[in-house]
Amino acid sequence: MLAFVGSQEQFSQSQTCLRARMLLKPPTRPKLYSGLMPQEERDSYCDLIPGLPEDLAKICLALVPRSHFPVMGAVSKRWMSFLESKELIAVRKEVGKLEEWVYVLTPEAGTKGSHWEILECSGQTQSPLPRMPGLTKAGFGVVVIGGKLFVIAGYAADHGKEYVSDEVYQYDSCLNRWTLLAKMNVARCDFACAEVNGVIYVAGGFGPNGDNLSSVEVYDPEQNRWTLIESLRRPRWGCFGCSFEGKLFVMGGRSSFTIGNSRFVDVYNPINHAWGEVKNGCVMVTAHAVLGEKLFCIEWKNQRSLAIFNPADNSWQKIPVPLTGSSRTRFSLGIHDDKLLLFPLEEEPGYQTLMYDPAAPTGSEWCTSKLKPSGSCLCSVTIKA
């Protein structure tokens, strides 16, 4: 456990004294090292913050607001290494400095492109993220692990040529940058994906030749490697994935050109590397989100009702959605502050984002939120970092 020793006033005074000493007499190294050691080795030799123990230095860096991290990363390789590590998120969580930001993918006016933007708690739209590398895609998957967003595969068109992608990109929310990761073993679109126990599972979808896929692969962020594992019992596309109690649930979509089989839920247990099955699924889901230990879905045939799945007993509950704007409005779901957000998939003048609080007293679960994208919402993720 990380802890401060002494009062806040004492800690503040010690920081002031330390800064004064550093200004008056900067730490130096023997000339022997500066002349013979390469810059990279000197960076690794130096303290994270000169004069401070390593643990305390990491706390000091973690206390800085997240928006400053991209600039801080340029100070030294030691700082950059810490800011892009899993340890940063762990330290920020320990000292109560995690910031929750909602990221929304929205179309660009007058073009076929799209961009990611950030919605803060205040509801003010921030500057767009750096443009994601590669072509604009549809049918891709998104997964969040720690402070990083993974955008996986999908369907793209380039100068009239259409293809299914195997590319994977990672956005680091702390350093505000995109990175191209290892490619998948099988290019696909319209598939299920989810994070389970720190790794990413991808299942089913359409392949490069329009073939229906049953293949499944798993991505290890530590190794930057995709590995094929036991396939689904049947091909499945247009489906989605989620994680409960350390298992992967795949539901929705189709297994054939009829929709009957889509009520089956495929459940993968990483411990015995085997697939199981639950028969109480849902059909043709247009939006989904996991909040707490429950899954919230909106099905294609009923946009005015939330279907809530409880994996503890495989039961479903239906909650009516209040009428806001047109009755034909379709929604994309998001999460903020342990509440469910309903963003419109079409732009409607005067529309306010609906918010559902499952912990609120009966009759007061629904209200509106100030969180609002600059345009319609194609996709939404929440990152705590």
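Some values worked out for this structure:
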item: Qualifying strands (runs of 3 or more DSSP E) (wholly inside region 70-156; at least 3 residues being modelled with pLDDT under 95); result: 100-107, 114-119
item: Among (1) closer than 30 Å to residue 278 by Cα; (2) in a strand (DSSP E or B), the one test that residue 383 misses; result: (1)
item: All positions within region 327-369 that are touching a strand residue (DSSP E or B) at 6+ places or on another chain (Cβ under 9 Å) and loosely packed, with under 13 Cβ neighbours inside 10 Å; result: 327, 328, 338, 359
item: Residue identified as loosely packed, with under 15 Cβ neighbours inside 10 Å and farther than 17 Å from residue 385 by Cβ among 71, 75, 64; result: 75
item: Selected residue (criterion: surrounded by the fewest Cβ atoms within 10 Å (Cβ to Cβ)) from residues of region 181-201 that are part of a strand (DSSP E or B) and of a type in the set (A, V, I, L, M, F, W, C); result: 199
item: Only listed residue being touching a Lys or Arg at 6+ places or on another chain (Cβ under 8 Å), modelled with pLDDT of 90 or more and under 26 Å from residue 93 (Cα atoms), chosen from 359, 385; result: 385
item: Any hit, region 202-213, residues being surrounded by fewer than 20 Cβ atoms within 10 Å (Cβ to Cβ), at pLDDT below 95, assigned to a strand (DSSP E or B) and not acidic (Asp, Glu); result: yes
item: Count - residues of region 357-376 that are touching a residue at least 60 places away in the same chain (Cβ under 8 Å) and either within 21 Å of residue 294 (Cβ to Cβ) or out of contact with any Pro (no Cβ under 7 Å at 6 or more places or on another chain) (or both); result: 7
item: Candidates 209, 197 - the one that is among the polar types (S, T, N, Q), touching a residue at least 12 places away in the same chain (Cβ under 8 Å) and not assigned by TED's automatic domain parsing to the domain that holds residue 73; result: 197
item: Contacts under 6 angstrom Cβ, first residue in region 88-100 being farther than 12 Å from residue 65 by Cβ, partner part of a loop (DSSP other than H, G, I, E, B), 6 or more apart; result: 89/146; 89/147; 89/385; 94/2
item: Where residue 321 falls short, out of the listed (1) within 24 Å of the chain's Cα centre (by Cα); (2) at pLDDT 85 or above; result: (1)
item: Whichever residue in region 216-234 is outside any loop (DSSP other than H, G, I, E, B) and under 18 Å from the mean Cα position of the chain (by Cα) and, among such residues, is farthest from residue 264 (Cα to Cα); result: 220
item: Scan of region 287-303 for residues that are of a type in the set (A, V, I, L, M, F, W, C) and closer than 14 Å to residue 251 by Cβ, ordered by number; result: 287, 289, 290, 295, 296, 297, 298, 300
item: Whichever residue in region 256-272 is of a type in the set (A, V, I, L, M, F, W, C), at pLDDT 85 or above and surrounded by 15 or more Cβ atoms within 10 Å (Cβ to Cβ) and, among such residues, is farthest from residue 315 (Cα to Cα); result: 267
item: Checklist (1) closer than 26 Å to residue 383 by Cβ; (2) in a strand (DSSP E or B); (3) not aliphatic (A, V, I, L, M) applied to residue 347, failing item; result: (2)
item: In region 202-215, the residues that are under 25 Å from the mean Cα position of the chain (by Cα) and under 18 Å from residue 165 (Cβ atoms); result: 202, 203, 204, 205, 206, 207, 213, 215
item: Qualifying positions in region 155-186 - in contact (Cβ under 8 Å) with a residue 24 or more places away in the chain and at positive phi; result: 176
item: Number of the condition not met by residue 29 [criteria: (1) modelled with pLDDT of 75 or more; (2) assigned to a loop (DSSP other than H, G, I, E, B); (3) surrounded by fewer than 16 Cβ atoms within 10 Å (Cβ to Cβ)]; result: (1)
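Yes/no matrix, rows are residues, columns are (1) small (Gly, Ala, Ser); (2) in contact (Cβ under 8 Å) with a residue 60 or more places away in the chain; (3) in the same structural domain as residue 332 (by TED's automatic domain parsing); (4) surrounded by fewer than 18 Cβ atoms within 10 Å (Cβ to Cβ):
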site: 232; (1), (2), (3), (4): no, no, yes, no
site: 240; (1), (2), (3), (4): no, no, yes, no
site: 254; (1), (2), (3), (4): no, no, yes, no
site: 281; (1), (2), (3), (4): yes, no, yes, no
site: 284; (1), (2), (3), (4): no, no, yes, yes
site: 292; (1), (2), (3), (4): yes, yes, yes, yes
site: 302; (1), (2), (3), (4): no, no, yes, yes
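The values are calculated or read from the model by the stated rules, or taken from the named source; none is laboratory data. None of the values given here were measured: they were computed from a predicted structure. Every residue, glycine among them, receives a Cβ derived from its backbone with ideal geometry; neighbour counts consider all protein chains shown.
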